[in-house]
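*Asks:* Pasting a structure below so you can have a look.
The values are calculated or read from the model by the stated rules, or taken from the named source; none is laboratory data. This one's a predicted model, so the numbers in the text were calculated from it and none came from an experiment. Backbone-built Cβ (ideal geometry, glycine too); neighbour counts: all protein chains shown. The accessibility values were calculated without ligands, DNA or RNA, using every heavy atom of the protein model including side chains. Shrake-Rupley method; radii C 1.70, N 1.55, O 1.52, S 1.80 Å.
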Amino acid sequence: MRLVVEVNGAPRTVECSPWKRLLDVLRDELRLTGTKEGCGEGECGACTVLLDGEAVNSCLVAIGQCDGRGVVTVEGLARGELHAVQRALVACGGAQCGICTPGIAVCAAHIVDSGLVDAADGGRSARDRVRELLAGNICRCTGYQLIVDAVIEAAREVLAR
Amino acid sequence: MTDPAYLRPRELDEALAARAAHPDWMVLAGGTDLMVNANHRAAPAGILDLWRLPATCFVRVADDAIAIGAGTTWHDVLRHPAIRERLAPLAAAAREIGALQIQARATLGGNVATSSPVGDSLPVLLALDAELEVASVRGHRRVPYHAWCTGYRTTQLAADELIVCAHVPVPGPTTRTAWRKVGTRRAQSISKVMAAAAITLDGDTVVSARVALGAVADRPIRASAVEAAVRGQRLGVAAEAARAAVRAAIQPIDDVRSTARYRRDVAENLVARFFSVS
């Protein structure tokens, strides 16, 4: 099947089985290896990308379903400079081994850009909200505190603009 | 090996014709069940892609019932004001289905079609006495949800049918509803036990109740023995009657996620809590 997917703002044509996973097309056909495979079952969130503006597990999306749709991967977050979430992850030490990081960056960017966290409230409830929204992204290294710090920091920065 | 066929109908009639012509194709929407480990599994003969099929993506609110299209995602359910206000246990279940990424893709129709004994929304649909509307080229029909499941992951859906929507009656002002899921963690993990209830009260006396449980049998079940045991009882007394009835009514199993004993204890506690004085 021949299909066209807008990836990080540019139309890309791929020729493959519609059953192939979006994750595999990104990594193997388009050489966008920033997106990682963790579990392949939709449990860990490492392969999170944006599909038509929603955070999804790319291991659970058949590429046929992406024909004519838009995908943003971790490679597409930076526009000239790193996304606020990426800068905050660096500044706060929110990344260690790096396998979960691209998925967390994409999901957190979606959370921040969609205004899903009330950044004016930097307290317990905002942190709990971040934890709930990022519950589909599993990290075995950081213990999450520094990731939550980074998302709150990024949400504040986006709010201040 | 040739690639599977792929069709993305945009009209219900087109989808039904394709379903009738290709009963062996996979009906795919959000893919959160069907795409698990897809790279290690043989491709289906064809894919009938119903994701965002307009005829199944709607929420229609009437005074006495809310119709929710099969293609409605849990994210859509969760942010719909009328569902949050009037079908609170369904919104509560939606919030605990997977996490953000799953809620963005998983659909009501998918939960109902997959019909897993641990499908999180299913006890809610039982407790709220929902009715499913299914369609084929032969026409539309409605099936009460309590008659939908016919066994372990099997349903009344015929090979040429698609699920259109669920009609969910809105509980009246004297009916209180509840939903609770117990699992290893709130997000992502598959439930060990779920319980849902719709309890109609006259003061603090139970007039009638619908009680449903998940993950304690081969399918989501209505606990009719519990419903009979609490009828006419005052809250509090009803809690103890419910507890005893649950114990006699279910035969949960040991499996990788929990034990029969734990499931039985938790099911009793959840249901008893629904009938406590609060």
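*Asks:* For the interface of chains B and A, what total accessible area is buried with a 1.4 Å probe, rounded to the nearest 100 Å²?
*Replies:* Buried area between the two chains comes out at roughly 2800 Å².
*Asks:* What number comes out for the charge environment of A:Glu29, summing +1 per Lys or Arg and -1 per Asp or Glu over other residues with Cβ under 13 Å away?
*Replies:* +3
*Asks:* Can you give the mean number of other chain Cβ atoms that lie within 10 Å of the Cβ atoms in peptide B:35-47?
*Replies:* 5
*Asks:* With n ≥ 4 as the cut-off for DSSP H runs, can you work out [θ] at 222 nm for chain A, using -39500 (n - 2.57) per run divided by the number of residues, rounded to the nearest 500?
*Replies:* -9500 deg cm²/dmol
*Asks:* How large is the accessible surface per residue of region A:84-160, computed with a 1.4 Å probe and reported in Å² as a whole number?
*Replies:* 43 Å²
*Asks:* Could I ask something else about it? Give a quick list of trypsin sites (Lys or Arg not before Pro) in region B:132-202 that DSSP marks as loop, anything other than H, G, I, E or B, with at most 11 other Cβ atoms within 10 Å.
*Replies:* Listed in order of number, the matching sites are B:Arg138, B:Arg185.
*Asks:* Summing +1 for each Lys or Arg and -1 for each Asp or Glu, what net charge is found among the other residues whose Cβ lies under 13 Å from the Cβ of B:Thr174?
*Replies:* My count for the surroundings of B:Thr174 gives -1.
*Asks:* Of all accessible surface on region B:180-274 at a 1.4 Å probe, what whole percent is carbon and sulfur?
*Replies:* 50 percent
*Asks:* Lys/Arg Cβ at +1, Asp/Glu Cβ at -1, dipole of region B:5-49 taken about the Cα centre: which of B:His22, B:Val36, B:Leu7 is farthest positive-ward?
*Replies:* The listed residue farthest towards the positive side: B:Val36.
*Asks:* Let me ask something additional. How much area per residue is accessible in region A:2-76 when the probe is 1.4 Å and only protein heavy atoms are counted (Å²)?
*Replies:* Solvent-accessible surface per residue comes out at 34 Å².
*Asks:* What's the magnitude of the charge dipole for region B:199-278 around its Cα centre, counting Lys and Arg as +1 and Asp and Glu as -1 at the beta-carbon? Answer in Debye, nearest 20.
*Replies:* 80 debye
*Asks:* Which of rounded, prolate, oblate describes region A:21-67, given a ≥ b ≥ c as roots of the alpha-carbon gyration tensor eigenvalues and a/c under 1.5 marking rounded, otherwise prolate only if a/b is larger than b/c?
*Replies:* Note, shape of region A:21-67 comes out rounded.
*Asks:* On average, how much accessible surface per residue is there in region B:29-134, in Å², for a 1.4 Å probe, leaving out ligands, DNA and RNA?
*Replies:* 31 Å²
*Asks:* May I pose another question? Using just the helices of chain B, give the 222 nm mean residue ellipticity in deg cm²/dmol: DSSP H runs with n ≥ 4 each add -39,500 (n - 2.57), and the total is spread over all residues, rounded to 500.
*Replies:* -8000 deg cm²/dmol
*Asks:* Please get the size of the charge dipole for region B:70-124, origin at its Cα centre, with Cβ charges of +1 on Lys and Arg and -1 on Asp and Glu, quoted in debye to the nearest 20.
*Replies:* Around 100 debye, computed over region B:70-124.
*Asks:* Which lysines have a Cα lying under 23 Å from the Cα of B:Lys192, excluding residues fewer than 8 positions away in the same chain?
*Replies:* B:Lys181
*Asks:* Take each of the peptides B:164-173, B:250-259, B:127-136, average the number of other beta-carbon atoms within 10 Å over its residues, and list them starting from the highest.
*Replies:* B:127-136, B:164-173, B:250-259
*Asks:* Also: May I ask you to list, by number, the DSSP H helices of chain A whose Cα span along the axis is at least 18 Å and whose average Kyte-Doolittle hydropathy reaches 0.0 or more?
*Replies:* A:145-160
*Asks:* Right, here's the next one. According to the square roots a ≥ b ≥ c of the eigenvalues of the Cα gyration tensor, what is the shape class of the protein assembly as shown, taking rounded for a/c under 1.5, prolate for a/b larger than b/c otherwise, and oblate for the remainder?
*Replies:* oblate
*Asks:* Could you please state, rounded to a whole Å, how far the C-alpha centre of region B:225-268 is from the C-alpha centre of region B:51-70?
*Replies:* 33 Å
*Asks:* Give me the percent of the accessible area of region A:1-93 that comes from carbon and sulfur atoms, probe 1.4 Å, all protein chains in place.
*Replies:* Carbon plus sulfur share of accessible area: 47 percent.
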